[in-house]
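Working notes for the structure below.
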Amino acid sequence: MTTPQALPDPETIRRTAIDILQGPEFHVNQYTQVGGTIVDLLRQIFVWIILPFRWLFEAMEGLPDVLRWLIVIGLFVLLMLLVGHIVYSLVTVLRPSTRNAKFVSALSSNRILGAEEFEQLAQEAIAQHDYIAAVRFLFRASLSHLQILEGRLFSPGLTNRQFLRRYQKSPIAGSLQSFVEIIDASWYGNGECRREDYLKCRQAYAKIRLQTKEDTHADGA
């Protein structure tokens, strides 16, 4: 049986505790290493941004100081606007789509809807300021009127451009072109469909609806 080891005296314990507390494990700096690294990085970025403007300012030596400052400040503002535009464009492209799921479902559905139903969906889209969805619904309503005029359903594989070529010699060719150009630019491209684009297509739809009704009555006479 081993003899219990005697405890150290209080003075030894005190000195040991002081040594431990003064060690690197308990040494707290005002700034952490990560924080210092971030500050250094931001400082370096600021230096990189300022450097070409400083060089430009010095290169214009001989001009009035007021003019030199105006040129440098103007270029700096332009740079900030350009960076802001790039950031905004990236955020716009990368952010999730906010389109109404109901509109997307209606546009991609194979279920046959009438022109009146597409008109109603267009009104709902306008109420939510979804102009491109409204334009596409009016385009689908236009095709519904054309199907009634021809007395048959169109093939689901036809593209917008094919519809445009199909009716290129028709009185409604210009109206269809308005739809196709706006849809290509704002839905398939990177353009933005604005209210004036929707109003243009609404006028085009009114012409198509009127023309198809006149042709239908003429055929039935």
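Since every read-out is calculated from the coordinates, none of them should be taken as a lab result. The shown structure was predicted, so the numbers you read here are calculated from the model rather than taken from an experiment. Counting neighbours? That spans all protein chains shown, and the Cβs are built from the backbone with ideal geometry, glycine included.
For the pair His85 and Arg54, label points projected 7 Å from Cα toward Cβ lie 2.9 nm apart. Please list, in order, the residues from region 142-183 whose amide nitrogen is less than 15 Å from a point placed 7 Å along the Cα→Cβ vector of Lys207. It comes to 142, 164, 167-182, nothing else. Across the alpha-carbon atoms of region 101-220, the computed radius of gyration and Dmax are 13.6, 44 angstrom.
What are the semi-axes of the equivalent ellipsoid of region 32-94, taken as the square roots of 5 times the eigenvalues of the Cα gyration tensor, listed largest first and rounded to whole Å?
Numbers: eigenvalues 160, 86, 10 Å².
Taking √(5λ) for each Cα gyration eigenvalue gives 28, 21, 7 Å.
A cut-off under 13 angstrom between Cβ atoms defines the neighbours of Gln177, and their net charge, with Lys, Arg +1 and Asp, Glu -1, is +4.
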